[in-house]
Amino acid sequence: MLNVYKPDQGMLTRWIAFWSITALVVWGGIALYDWLVGTTDFARVLLFEQGPEGMLIPVIDQRLNWAFVCCWIVVLGGTLGVQKFILANPRNSDFLITTDEEVRKVTWPSWKDAYNSALVVLVFVAILAVFLVASDRVVEFLFGLAMKIA
């Protein structure tokens, strides 16, 4: 079992950090698998000995080959490494605990307040867009007149 620094504090931000980094590690494992399978024939012979074919895993419809095994080792090792060396580190844990405490202090707006604020922003952006288009047309017209006179 991994030792967790202050296990009863900051769990929300720790879970968010853990799953975010896990998603990045899984994405990296998938990219590694695609790269290993798409390598040149010479590298394929070195890595897989008989090519990327392997036994078919029926539930996930995936071929069990050395590329698949290597990627799962990277994904599992990366996820455990994140848990052990990043999230269990006291300095990082204190940061996440403090972040969790600060987020809990925030006064979140109601849906009505958020809707009204978004509506004000959209109306202002529309007015600004109309003003900029009108200004552009006026300047274009004035430069057109100046070019005809000169």
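Quick rundown of the values:
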quantity	calculated
Residue-count net charge about residue 130 - beta-carbon cut-off 12 Å; Lys, Arg +1, Asp, Glu -1	0
Formal net charge of residues neighbouring residue 6 (Cβ-Cβ distance under 13 Å; K, R +1; D, E -1)	-2
Residue 26-residue 108 pseudo-label distance in nm [points 7 Å out on the Cα-to-Cβ vector]	2.4 nm
Globularity index of region 108-150, i.e. its alpha-carbon radius of gyration over 2.2 N^0.38 Å	2.01
Theoretical FRET efficiency, 1/(1+(r/R0)^6), r = Cβ-Cβ of residue 146 and residue 126, R0 35 Å, to 0.05	0.70
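Bear in mind that the values in this text are calculations on the coordinates, not laboratory data. Only a predicted model underlies this, so the values are computations on that prediction, with no experimental measurement involved. Here the Cβ is made from the backbone with ideal geometry for all residues, glycine too, and neighbour counts use every protein chain on show.
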